[in-house]
Amino acid sequence: MPKRTIRYILVAVAAILFSLPAMAQDEAYGAYSPYSMYGIGDISKFGTAYNQSMGGIGIATRDKRNINILNPAAVTERDPQSFMLDFSLAQGNRYYAQGDMRSSNNTFNINNVIISFPVWKSLAMYAGVSPYSNLGYKVSTWESDPVITSQTGAILHTVQGYGGLTKAFIGGGFSPFKGFSLGGEMQYIFGNIHKDNTFSMSVSSFRSIKSGYTMGLNAFTGKVGFQYAFPVSNKASAVIGATYLFAADLKGDVDRFEVQTISSINDSTPSPRTFSQRLGKKEVRLAGEMGIGAALKGGDKWIAEVNYLRSDWTSTGMDKVAGFANVGNAVFSATKAQSIRAGMSYVPNRNDIRYDWKRVTYRAGTYWDQAYCAIDGRSLCAFGLTFGATIPVFQLYNGLTLGVDIGQRGFLDGSMLRERYVNFHIGLNVHDIWFIKQRYD
């Protein structure tokens, strides 16, 4: 094995170990949105910068130059002795509007660390970590009822949350016969979520109250998928694919706390009260998900793909169990989540030796997502456009991917909050060849 490959492996292992605590940190915003206060927060859109720049497609993607984790069967599309590492970062910019109020926020986070390698003939594997869900919000309002404030003085009500869940995964795939691939993936989901509500009284004789929930959660689940590729002409081929993610019980502790304080210096502060609850079997679940996709490829020059995903959260308990369901006065109901995604890529001339820009792969996509939570009976939907490019770096399939996601969630309609965002993705794909005997070192 070449020395540089050994260095790549050591760098990959170090990056994964570094990313685990970085992704699972408690008091940091991996993402920020008032809509993340419901359930376990915003479910991440999975995939590398390569997937994200094409609208999030990947169920029917077969590309030997990039790691595709959206379908475990895709790992078989590779050069027989190729080792690959993908590391990507995400930077988010969000702008909020509701009535005459305006606000904005920026975040920066690790998106994924993944390694992929061959095992034997048509068998290959991959492993990595990526965010599963993110919680980040802080909303404050003043009590507007004059009858109440005339007796208590001004009251500031604040709801805040942070944390999220991280997904560690390992998967593999094999090709039993030409054109057909099967794959499977094991996932361990873990992390901490903190939500609290605070009533701050301006009159010192009244107690200010802070209460909320701290949850340490984990779950095991799995995913299976297949892909079938077949020619449709001398210059084009098609790929169909499907995936299924199994539902999983959330385990862990839900701790409810309550703290009362008095502004006056002469008064003592009562000790916080804590009530612990261990989640029972099937009390709160992560929903399963079904996905299908179809792609058309023009050799090594272009690809176009469409995906559809659907998951049913109505019976998961997210809107019924304390800690998940209640956040201040907010009301939400778990519903069916679904997504339609389309994307394409094009490279003018991958082997051009004169013009570098002709070897750049250009990508674009679009999507429509419906979240797993409905607010006051109204579905929460997002739509957007994505653009990106992969710039070849040095030799082999090494590349730097730059992508942008421009979209909107919610509408400026009555009590609904409109959220517009511009998210940037930066991904580095490292490629090397294993088990090649070198004549010179």
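The values are calculated or read from the model by the stated rules, or taken from the named source; none is laboratory data. Since we're looking at a predicted model, the values are computed, not measured. Every residue, glycine among them, receives a Cβ derived from its backbone with ideal geometry; neighbour counts consider all protein chains shown. Accessible surface is based on the protein model in full, side chains and every heavy atom, while ligands, DNA and RNA are left aside. Shrake-Rupley method; radii C 1.70, N 1.55, O 1.52, S 1.80 Å.
Structure notes:
- Estimated Rh, segment 61-114: Kirkwood, alpha-carbon pairs, angstrom: 14.3
- Neighbourhood charge, 9 Å Cβ-Cβ cut-off, centred on LEU135 and excluding it, Lys, Arg +1 and Asp, Glu -1: 0
- Summed side-chain charge close to ARG94 - residues other than ARG94 whose Cβ falls under 14 Å, Lys, Arg +1, Asp, Glu -1: +2
- Hits among lysines - C-alpha to C-alpha of LYS235 under 23 Å, sequence gap 8 or more where chains match: LYS64, LYS178, LYS297, LYS301, LYS358
- Accessible heavy-atom area order of THR107, THR214, highest first, probe of 1.4 Å: THR214, THR107
- Residues within the reach of a label modelled at ILE240 (point 7 angstrom out along Cα to beta-carbon, backbone nitrogen below 15 Å), restricted to segment 165-191, are 179-181.
- Nitroxide proxy distance, nm - points 7 Å out along Cα→Cβ at VAL119 and ILE292: 2.9
- Phi-derived couplings, Karplus 6.51 cos²θ - 1.76 cosθ + 1.60 at θ = phi - 60°, listed residue by residue for segment 102-111: 9, 7, 8, 7, 10, 9, 8, 7, 6, 8 Hz, with x used for Gly and Pro.
- For segment 303-367, chymotrypsin sites (Phe, Trp or Tyr not before Pro) meeting the loop criterion (DSSP other than H, G, I, E, B) and having at most 12 other Cβ atoms within 10 Å: TYR355.
- Residues in segment 350-372 that a label on TRP302 would reach, taking backbone N under 17 Å of a point 7 Å out along Cα→Cβ: 350-351, 358-366
- Among residues other than TYR126 with Cβ under 11 Å from its Cβ, the summed charge is -1 (Lys and Arg +1, Asp and Glu -1).
- Amide hydrogen neighbours beyond the local backbone of ASN398, cut-off 5 Å, H modeled: VAL393, HIS431
- Rel. contact order, % - alpha carbon contacts under 8 angstrom, at least six apart, segment 150-253: 26
- Solvent-accessible area of LEU402 with every protein chain in place, 1.4 Å probe, in Å² to the nearest 10: 80
- With θ taken as phi - 60° and the Karplus curve 6.51 cos²θ - 1.76 cosθ + 1.60 applied, the whole-hertz 3J(HN,Hα) list for segment 351-362 is 10, 5, 10, 10, 10, 5, 5, 6, 9, 6, 8, 9 Hz, x standing for glycine and proline.
- Residue ranking by accessible heavy-atom surface, 1.4 Å probe, largest first, among LEU250, LEU309 comes out as LEU309, LEU250.
- Spin-label pair PHE387/THR158, simplified geometry with 7 Å Cα→Cβ offset, distance in nm: 4.0
- FRET efficiency, 1/(1 + (r/R0)^6) with R0 30 Å, evaluated for TYR346 and PHE394 via beta carbons: 0.85
- The gain in end-to-end length when the VAL232 to TRP368 segment is fully stretched comes to 46.1 nm, 0.36 nm per residue minus the alpha carbon separation.
- Distance cut-off 15 Å, percentage of C-alpha pairs in segment 168-253 lying past it: 74
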